[in-house]
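The structure under discussion appears below in the form of structure tokens.
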Amino acid sequence: MKLGISYFPEHAAPEEWASFFEDLGCTAAVCPIKGDADDDTIASYRKAAEQHHITIAEVGVWNSPISDNPQVQKESLAFAQSQLRLADKIGANCCVNVSGSTGPKWYLGCKKDRTPEGYRRIVSSIQEIIDDVNPQNTYYTVECMPIVPPTSPNEYLQLLQDVDRPRFAVHLDPFNMVFTPDRYFWNAEFFHDCFEKLGPQIKSIHAKDVVLGDELTFYIRETAIGTGGIDIDAFLSEVAGLSPDMPVIIEHRDSLEEYKQALELIRSRAEALGIPLL
């Protein structure tokens, strides 16, 4: 696997950006620019990544193409299309968004998102984004979330079938789907189900940890890798069954020092398991 962090260092040039990750021992990173960058800038970042053996795992979107607000929906679709074009030009493994929400908060979701109308919007928005861009070198993906589909590997399989576009694939964050007691306590088995069903379609993966809190009724929160309830060895073993070039991006740490600690832990566990890191 190729290990990276969701971190955006200050830098003056693409070469400096790529060198930062190489010095950390990372071989994957998140795209640091947006779709409004000119072609020369995009080409410079692509070249720097290649020269420093950095895989650009993903170009992020993070908005709501299914919003009930017409202006938000229009702007979200346009930005997703712009980011997908960027991903195609810069050679990223995927462009990743969430399905969004018909409600006001794209990252949370609401009841309507899980109705037939909400699901139709999700399918049609993904189709519209892909059809407008017609990517040749990358894939459009949506990250699994706790409320808005897909919230399970089976929902993702259904979404792949319903969208029915060869350039629609999977960005896997199985941690976002750990929102029931069974998935938490038997997370190794749940992860196996995710990787077994979605493995051939996965283009990039997020890594983190979650912990069961002591607040009622049922409270799960993110935490530093190795301090929660996730079987990290099981997670890494599942990733190891995929392509050796698969990027794994550690995310949601508050400082570079915390990212370094997470990198160290993942590397030590991978070494103990005999899993090579490229």
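The values are calculated or read from the model by the stated rules, or taken from the named source; none is laboratory data. What you see is a predicted model; the values in this text were computed from it and never measured. Neighbour counts run over all protein chains shown; Cβ positions are idealised from the backbone, glycine included. Heads up: the accessible areas ignore ligands, DNA and RNA and are worked out on the full protein's heavy atoms, side chains in. Shrake-Rupley method; radii C 1.70, N 1.55, O 1.52, S 1.80 Å.
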Original post:
Of the residues that sit in region 84-107 and are open to solvent by 70 Å² or more (accessible area, probe 1.4 Å) and over 16 Å from the mean Cα position of the chain (by Cα), which one is farthest from T151 (Cα to Cα)?
Top reply: K89
Original post:
Restricting attention to region 239-259, and to residues there that are more than 18 Å from M1 (Cβ to Cβ) and either among the acidic types (D, E) or in contact (Cβ under 8 Å) with a residue 60 or more places away in the chain (or both), which single residue is most open to solvent (accessible area, probe 1.4 Å)?
Top reply: D254
Original post:
Of the conditions (1) open to solvent by less than 20 Å² (accessible area, probe 1.4 Å); (2) more than 19 Å from I129 (Cβ to Cβ), V61 fails just one. Which one is it?
Top reply: (2)
Original post:
Looking at (1) open to solvent by 10 Å² or more (accessible area, probe 1.4 Å); (2) closer than 24 Å to K111 by Cβ, can you tell me which one Y139 breaks?
Top reply: (2)
Original post:
Is region 61-83 home to any residue that is among the small types (G, A, S) and farther than 20 Å from C144 by Cα?
Top reply: yes
**OP:** Report yes if some residue within region 234-256 is under 19 Å from V30 (Cα atoms) and over 19 Å from the mean Cα position of the chain (by Cα); otherwise report no.
**Re:** yes
Original post:
Which numbered condition trips up K105, out of (1) touching a residue at least 24 places away in the same chain (Cβ under 8 Å); (2) on the phi < 0 side of the Ramachandran plot?
Top reply: (1)
**OP:** Mind telling me which of the residues Q81, Q127 ends up being open to solvent by 30 Å² or more (accessible area, probe 1.4 Å), of a type outside the set (D, E, K, R) and farther than 24 Å from F175 by Cα?
**Re:** Q127
Original post:
Since T227 meets every condition but one in (1) farther than 29 Å from G91 by Cα; (2) in contact (Cβ under 8 Å) with a residue 40 or more places away in the chain; (3) of a type in the set (S, T, N, Q), which condition does it not meet?
Top reply: (2)
Original post:
Taking only pairs six or more apart or across chains, which ones have beta-carbon atoms under 8 Å, a first residue in region 263-278 that is aliphatic (A, V, I, L, M), and a second residue that is in a helix (DSSP H, G or I) and open to solvent by 70 Å² or more (accessible area, probe 1.4 Å)?
Top reply: L277/R267
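Here's the yes/no breakdown for (1) of a type in the set (F, W, Y); (2) over 21 Å from D131 (Cβ atoms):
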position: K2; (1), (2): no, yes
position: Y45; (1), (2): yes, yes
position: Q71; (1), (2): no, yes
position: K89; (1), (2): no, no
Subject >> D23 out of contact with any Lys or Arg (no Cβ under 8 Å at 6 or more places or on another chain) and open to solvent by 20 Å² or more (accessible area, probe 1.4 Å) >> reply: yes
